[in-house]
Structures are given as C-alpha cells and as structure tokens.
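The values are calculated or read from the model by the stated rules, or taken from the named source; none is laboratory data. Quick caveat, the model's predicted, so the values are computed rather than measured. Here Cβ is always computed from backbone atoms with ideal geometry, including for glycine, and neighbour counts include all displayed protein chains. Surface areas here come from the heavy atoms of the whole protein model, side chains and all, with no ligands, DNA or RNA. Shrake-Rupley method; radii C 1.70, N 1.55, O 1.52, S 1.80 Å.
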Amino acid sequence: MSNNEDKHHVIPYRTLLLVLSALLTFTFISIAVTNYELGPFTVLAALLLASFKTILVLAYFMHLKFDVKMFGILISAVFILIGAVIFITFLDYLYR
Amino acid sequence: MTTDNTARAEPSFFEYKKHKGILAWILSTDHKRIGLLYLYSIMTFFIVGAILGLLMKLELIAPGKTIMEAKTYNGVFTLHGIIMIFLIVIPGLPAVFGNFMLPILIGAKDVAFPRLNLLSWYIYIFGAIVVLMSQFMSGGPPDTGWTFYAPYSFKTTTNMLPAVLGAFILGFSSILTGLNFIVTIHRMRAPGMTWLKMPLFPWALYGTAWIQLLATPIIGITLLMTVGERLFNIGFFDPALGGDPILYQHLFWIYSHPAVYVMILPAMGVISEILPTFAQKTIFGYKAIIFSTIAIAFVGYFVWGHHMFTSGMSGTALYVFSILTFLVAIPSGIKVFNWVSTIYKGSINLKTPFYWAVSFIFVFMIGGLTGLVLGALATNVHVHDTHFVVAHFHFIVFGGVGFAFMGAIHYWFPKMYGRMYDETWANMGWLIFFIGFLTLYLPMFYLGIAGMPRRYFDYLPQFHGGNIISSFGAIIMITGLLIIITNLVRSARMGPISTERNPWNGKTLEWTVESPPSLENFEEIPVIEKGPYEYE
Amino acid sequence: MDEHRDDIGSRFGMWLFIFTELLLFAGLFIVYSVYRYLNWQAFHLAAEELNTFIGALNTVLLLASSATIAMSITALQKKNKTLALALLGFTILVGLVFLVNKYFEWNLKIEHGLYPGSERLLEYGKGEVLFFGLYFFMTGLHALHIIVGVAFIGVVFFRIKNDRITHDNFVHLENAGLYWHLVDIIWIFLFPLFYLIT
C-alpha cells in the first residue's frame, strides 16, 4: 500500500529568519507596552500580541500554510473550542 | 454469499503466531488480537464491578447495617464507580469492537498506528493496576465517589493518589485510541468509500474519538492539579487558600459529561449496525443519523453544568446549561425515530442481537426521558443526588452501553471466533437479564422522587419496600449475566464451528471476509461502490 | 505485514496529539483566567515579583530554537545533513539553557520563601497564593514538556546521524519540530500572562 502522496514544500531559510525577527519584534513590543498604563486593555494587548505570534509560528514554523488544509481548519476549531469553554465557564463567574 | 466456506485462502488470525503462548497476545499488534485483549480485560473488571454492585444492593436490602459498615460502603461505591466508568464503559465499545471491527468495516488491514494501539492497551492495564493499588495500600480505599470532588478529595486520609493518578493514566490510553481511530478513518478507508458511504459504527467511533481527544486532557490536568493539591498544598480548589471548589466541578464535568457521549455514541453506532441486518432493510435516515452523531458530540461538549445545578453556580449559567442540555435531546430523539423507522415494515429476523438492540431502544428511551427531568432546573433541585439520578444514569450508562455491548458481542461473535453460541441460552440470558435490569433500577426512580439520597449505606424505614424489590432485581440480573457469560465463554471454546462468512445476511464489509478473519482481513482491498446498507 | 508509509497520516497523528496538549494547558488557562478575574489586584502585585528579564530571555531563546529546528528541516530537504545536525544540536542546547534559567529562577523564588505551602506565601493574600501556585504548576508542566521535547529531538538527532531519517523520509523530524513549536506556543502565552501583566 503506498498512499504516500505527500508533497513537500521547502521553506527558504530567509523566510524562517524573517519570521523569527517578526516574532522577536512582537516580543519586544509586548514588553515595551507594559510601560504604558492601558488599564483594562493591558490583558487584551498582551493576548493579541501573543495571538499574532502564535499565528506566525503555526503558519510558518509548523508549515500549516503549506500543509494539508484540514490541519489548519482543525487547529482553528480547537482554539475556538477553548474560547467557547472559557466563555461558558465565565457565564458562571461573571454573574455569580 | 455462496463462496466455498470450507477452504480458506489464508489461515485465520488465531493461527498466525509470531510468538508462543501468551506472548502471541501481548506482543501482537494485530488490531483483532488487541480488541480481544481488551475484551478479556474488560470482562474481568466487569465481573469485579458487578460483584461490588451486588454487594451494595445486598447492603441496601434492609435499613441499618446489613453486611458492611458505612465506611466500607463508601469504599465499595467509589471502587464500583471507578471500575465501571474508567475501566469499562469509557474504553468498552471503542477499544473492543472499535479495534476489532473498525479496520474491517472501512476495508483496511489494520489501524493507522498498530504499535501505538498495543501501547494503549498496556497503558490501560498499567492504569488499572495503579487504580486498584489504592485498595490495598495502608490508608484505606478511597471514599470520595468516582468524581473525586474537591475539597474532600485532598482532605481525606484515604489513598486518593493512586486512584487519581490511575484515572489520569487511563485517560492517556483513551486519548491514544481516539487519535488512532481518527487517523485510521481519515487515511485508510477503502477506495471508493467516501464519507457518506461509511457504515454508521465507524461514524459513531469517529465522533467518539474526537471527544476522547478533546475532552480527556481536561480531566487529565484536573486530576494532576488534585495530585498537586494533595502533595504540595497549592490551594487551587481549597477555599481556605482562596481556591474555588466549584471550579473543580466545572473542570471535572467539562470532561466527564462529554465522557457520557464517549460511552453512548459507539453504543448508538452498534445499534445502527444491528437493526438494518435483522430487519433486512436499509437503515432509515442514514444522513440524519450521521448528523445527529456529530451534533451530539458537539453540543455534548457544552452541557457539563447540568451536573452542578445545586452547586451554587450563577443563575445565568444555570439557564444556559439547562437550555443546552435540552438541545442534546433533539439529535438523540432523531436517532430513536430512525431506528424505529428502520424496523418498520422490515422483514424481522428474531435473533439474540435483535433482542438486545430493541431492548436497548427501550431502556435508552427511559434513560433519556428521565434525563430531561434532570436537565430541567426545577425538577433537578428536587431529585438532585437522590436515587433518581442513580437510576437515570444506570439506564443510560449500563442500559445503553451494556445492552449495546451485549448486542455487539452476540452480533459479531460468529465473525470473531468462527463459532456459534447456543441461541436458546443466549435468548434466555437476555430475557432474565432484561427483567432483572428493570426490577433493579425502576424502583430507584420511585425511591429518588420519594427522597432517598444516594451514597448512603442506610435509609429510612419507609424506603424499605422499594429497596427489597431493587435488591431482588439485582440478584435476577446477575443470574442472567452469569448465563450469558457462561454461554459465550463456553461457545468461544467449543461452540459449533461456523465459518460461514455471512450468517445474518449483513451488508457491511465485515460479512464479506472469512470467519474468523485472516491476519490482513481482506484477500484484496475491496472497492466500494454502494452505500453500506443497501438491501434491495 | 508489509510496511506502509503514510507521512500525512503520521503528521496528522502528531497534530491530534498537539490538540490534546493544547487542551491540557487549556484546563490550566481556564483556572488562571477565573482566578485572575476573581483576584486581579493580587495578580498584578504578584506578577511584579517575577523577573521580566529572565522571562524575556527565555522567550527569545525558545523563539530562536523554534526557528533553528524549522531551518533544520529545510537543511535536510536540501540534503545538507551536517547543517541539519548542527541546527538540531543548537535547538537542544538552547532547550537545556532554558531549563537552567528556569532552575535559577525557581530557586530564587524558593529562597525568598515563595513556593506553594510556604509560610511567607500564606502571609500574603489568597490571590498571591493562587498566582504562585499557578506559576509553579504551569511553568513546571511546561518545563516537563521542554524535557520531553529535548529528548524527542535527541532521538531524532541520532536517527539523522545514522541515516535512518533522510531527505526523502523525514516525517519524524517534522513531528519533533511540531512538538517543539507547541512548547514554544504555550510559552508565548505563559510569558505575558505571568511576567508582563503588571
């Protein structure tokens, strides 16, 4: 049985290094942002930046952009699921 | 099927032995052998669990102390719960019949990761040993119930650690089985078997596998946190340190409610396989059943809070969870309608698996409808933590899974062993079991509504009548169970040889292969052109 | 039984395993978010006890190691075995440095009496108890994943060396990479949640 129809995409070093520098930039931005008083938006800003970084890692380092489409759809579904579970849990804590 | 049955092209998988004796089993990565390994281990644990259940019923046959002390009773119901839930009904159908039948049903030679599959069994056994160690270490058996509710689970002096760690390990086994099945179903279906030509048992296993994969880690981490609480006094769930015990209940049920669907979905899948074969009729509403399977798996993930209606959750959460719970009833109802319509005007072949399947529908209806009583806020408050709940979930978990399991084993027995069981004894076992089951659990509904709480070794005198009937039912049911198991064990060893490929005139792929199947199941991988249940 | 190879299936399996790991940590993130919501002031104060510099350094290290393991796949695809091995070696090294940093960081906290069940921590409020409980539990579990990841990459390293993993059969390297990136992603969330929200 040889259903190994896998196609391999070679990601150039340059792309990976560019992604790395973007990730580092986001990290420094998220540290720099803590110097400003953003009030309730502090958490939001930190989580947004973390999400950007995650998307970069998923798309390039983890090859999702070039891999079978289904993996990307599934991982998004998993993140949505986690969000939904947190949301429902908070229906308890927000209104207790 | 008119093929010559006496001459086999390939020897059966029982003949194929790389190693000798027991090593042929515990070192084999053949999905069929692993399925049988699970079958034997689960049956062993089931007998232990059933005896524990019987002991409880004997204790409850009269008020006051009958055969055991209160503390022993607490230990017994905890162990009964842990064994039945974590060791039997959660792995049950997927690990036994999923392993044995899934690759054959989708036209594959094995699962995607055979070695991982064997590893899952080892993890299962290891977890079982760790769980059972809790009974024999100093400190005494755990007495929290199978739910390990905080804060008692880290305050009690009994052996919680092995029980909790064991459940954690068993979770891994379940996750790996689910992972294996998802990849198998995605990657190894026979050519031409599109998603909508796949039989319904694999569909049910697919839905189940996703829940196993996505829900089990939550209980894993919860149990780890409980371990942390006991070892390091962290305070996650300890109100004295700022923790919130209700959060433990949230996390526990985020897994353990979907786990109910891990149990019941494969059972529904089995029923959807049995009914068309014994009604000799195409299944009614194939797509609707698939849709309801996925819908149950999906919605079932978000209804955990209905176990916590009296815990002190916020009102908003109560309403939302109650509404979501009612939503689950819709796809479950769709399935029941489809099954009944499948039998309607069918040419019914009254055989043992069919009896199990229709009695499944009966007990599942009672379990499901009483579930709505519990899902409604007002009635829940009245019957919460009473025997009503005990009766409800035994109708679903034991009635549902147990009956489907028995149906499955009587359905696939000739395929698995190439021998036939004694049908008279099998039918008699079913009848006695069924009567015993109803006598055992129906009175509990009444007792619960009358106010008898669960998890006490004693009760008020006015509950005596119901308890006598119930305990009597337990004895009848165990009698039935003994008949069934004896008949099956005996037939597996010396029943009449039945190498006919298709004894029930089924339409799915397992009936096209030899009985018992050869090592690689198929002489050549079939090409699928029709849907799975096409009776003309 | 004939050996059949299915790289997509193999990667699919790894992805599914990654989902379970994400859900495992999701349980902890639920606990974190609930307790943060209930004790936000205490969480702010407690977060100031953590050393942002070490946290940031570890973030940089992990990101860099993630990039190098991704590059090692490219190197192997281009049949440059030496470079692939060097990049993997670097990844392992950085993983170990991360653990050393973590060790010193934990040690410092424990010397200050800030560990679960300590008397000093009990003198603080309940929010601090939960914050440090979560800090040790989550970073501890993460460190455990680093150890597993390093071991996994170590195995892959030797398999490449012995030509068991080659330029046309490298799904195990890909899977090791996926696992390492998962560890990275979890840290990407842990870092701001514990060190930055002050």
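When only Cα pairs below 8 angstrom with a gap of at least 6 residues are kept, the range B:23-512 shows a relative contact order of 16 percent. With the charge dipole of chain B set up from +1 on Lys and Arg Cβ and -1 on Asp and Glu Cβ about the Cα centre, the Cα lying farthest toward the positive end among the listed residues B:Tyr319, B:Ala150, B:Gly285 is that of B:Gly285.
For the range B:214-289, what is the convex hull volume of its Cα atoms per residue in Å³?
Numbers: hull volume 7.6 nm³, N = 76.
Once divided by residue count, the hull of the range B:214-289 is 100 Å³.
Counting, for every residue in A:56-64, the Cβ atoms of other protein chains within 10 Å of its Cβ and taking the mean gives 6.
How big is the C/A interface in buried accessible area, both sides summed, 1.4 Å probe, to the nearest 100 Å²? Please report the intermediate quantities before stating the final value.
Numbers: alone 10720 and 8340 Å², together 14510 Å².
So the buried area, both faces added, is about 4600 Å².
Given R0 = 30 Å, the distance between the Cβ atoms of B:Ile61 and B:Ala329 translates into a calculated FRET efficiency of 0.30. Mean partner shielding of peptide A:22-35, defined as the number of other chain Cβ atoms within 10 Å of each residue Cβ, is 4. Take the Cα of C:Ile54, go 7 Å toward its beta carbon, and none of the backbone nitrogen atoms of the range C:136-179 fall under 11 Å from that spot. 3J(HN,Hα) along the range C:67-73: 5, 5, 6, 5, 5, 5, 5 Hz, from the Karplus curve 6.51 cos²θ - 1.76 cosθ + 1.60 with θ = phi - 60°, whole Hz, x for Gly and Pro. What separates the Cα centres of the range B:187-259 and the range C:87-101 is a distance of 32 Å.
List the aspartates and glutamates whose alpha-carbon lies under 13 Å from that of A:Lys53, not counting same-chain residues fewer than 8 positions away? Within the straight-line cut-off, A:Lys53 pairs with C:Asp184. Annotation: A:Val10 carries an accessible surface of approximately 60 Å², with a 1.4 Å probe and no ligand, DNA or RNA atoms counted.
Below 8 Å between Cα atoms, with a sequence gap of 6+, how large is the relative contact order for the range C:7-196 in percent?
Working: 160 pairs, mean separation 64.3, N = 190.
Contact order relative to length: 34 percent.
Legend: P(r) of the protein assembly as shown from all alpha carbon pair distances, 10 Å bins from 0, whole percents, reading 2, 12, 22, 25, 20, 13, 6, 1, 0.
In this assembly, the B-C interface accounts for approximately 2900 Å² of buried accessible surface in total, computed with a 1.4 Å probe and without ligands, DNA or RNA. Taking every protein chain into account, the 1.4 Å probe leaves A:Phe66 with about 70 Å² of accessible area, to the nearest ten.
Once C-alpha pairs closer than 8 Å and six or more residues apart are averaged by separation and normalised to the residue number of chain A, the relative contact order reads 24 percent. Take each residue of peptide B:251-262, count the partner chain Cβ atoms within 10 Å of its Cβ, and average: the result is 1.
Ignoring ligands, DNA and RNA, what accessible area per residue does the protein assembly as shown give at 1.4 Å, in Å²? Please report the intermediate quantities before stating the final value.
Details: 31240 Å² over 830 residues.
In whole numbers, the protein assembly as shown has 38 Å² accessible per residue.
In the range B:497-516, whose amide N lies under 17 Å from the spot 7 Å out along Cα-to-Cβ of B:Ala9? List them in ranges. Label zone hits: B:500-502, B:509-516.
Quick one: with all protein chains in place, what share of the accessible area of the protein assembly as shown is carbon or sulfur, to the nearest percent (1.4 Å probe)?
On the way: 21370 of 31240 Å².
Carbon with sulfur: 68 percent of the solvent-accessible area.
Hand me the GluC sites (Glu not before Pro) from the range B:1-89 located in a DSSP loop with no more than 14 other Cβ atoms within 10 Å, in residue order please.
On the way: sites: B:Glu15, B:Glu59, B:Glu69; in loops: B:Glu15, B:Glu69.
Taking the range B:1-89 and a limit of 14 other Cβ atoms within 10 Å, the loop GluC sites (Glu not before Pro) found are B:Glu15, B:Glu69.
With the convex hull constructed from alpha-carbon coordinates only, the range C:26-147 shows a mean projected area of 8.3 nm² over all directions.
The calculated 222 nm mean residue ellipticity attributable to helices in chain A amounts to -22500 deg cm²/dmol, summing -39500 (n - 2.57) over DSSP H runs of n ≥ 4 and dividing by all residues. Which residue fluctuates the most in chain C, going by a Gaussian network model with Cα springs under 10 Å, if the choices are C:Leu96, C:Leu61, C:Leu16? Among C:Leu96, C:Leu61, C:Leu16, the largest GNM mean-square fluctuation belongs to C:Leu16.
Applying a DSSP loop filter and a limit of 15 other Cβ atoms within 10 Å to the trypsin sites (Lys or Arg not before Pro) in the range C:89-181 leaves C:Arg164. Go through B:Lys109/B:Lys281; A:Lys69/C:Lys78; B:Lys155/C:Lys109; B:Lys71/B:Lys155 and tell me which ones have a Cα-Cα distance over 19 Å in this structure. Correct reply: B:Lys109/B:Lys281; A:Lys69/C:Lys78; B:Lys155/C:Lys109.
Tell me what chain B gives for mean residue ellipticity at 222 nm when only DSSP H runs of n ≥ 4 count, each as -39,500 (n - 2.57), the sum divided by the residue total, rounded to 500 deg cm²/dmol. Don't skip to the answer; put the middle values down first.
Working: 17 runs with 328 residues, N = 536.
Here the helix-only value at 222 nm equals -21000 deg cm²/dmol.
Using θ = phi - 60° in the Karplus curve 6.51 cos²θ - 1.76 cosθ + 1.60, the 3J(HN,Hα) couplings for the range B:349-362 round to 9, 6, 10, 3, x, 5, 4, 4, 5, 5, 5, 4, 4, 4 Hz; x is entered for Gly and Pro. Counting only DSSP H runs of at least 4 residues, each contributing -39500 (n - 2.57), and dividing by the residue count of chain C, the helix-based mean residue ellipticity at 222 nm comes to -28000 deg cm²/dmol.
Between the residues C:Ala47, C:Gly149, C:Gly95, the greatest Cα displacement towards the positive end of the dipole of the protein assembly as shown, with unit charges on the Cβ of Lys, Arg, Asp and Glu, is found for C:Gly149. Under 5 Å from the amide H of B:Thr386 lie the amide H atoms of B:Arg454, each residue being 5 or more positions distant or on a separate chain, with H modelled from the backbone and absent for Pro and chain starts. Filter the cross-link list B:Lys17/B:Lys287; B:Lys18/C:Lys81; B:Lys32/B:Lys287 down to pairs whose alpha-carbon distance in this structure exceeds 31 Å. Beyond 31 Å between Cα atoms: B:Lys17/B:Lys287; B:Lys18/C:Lys81.
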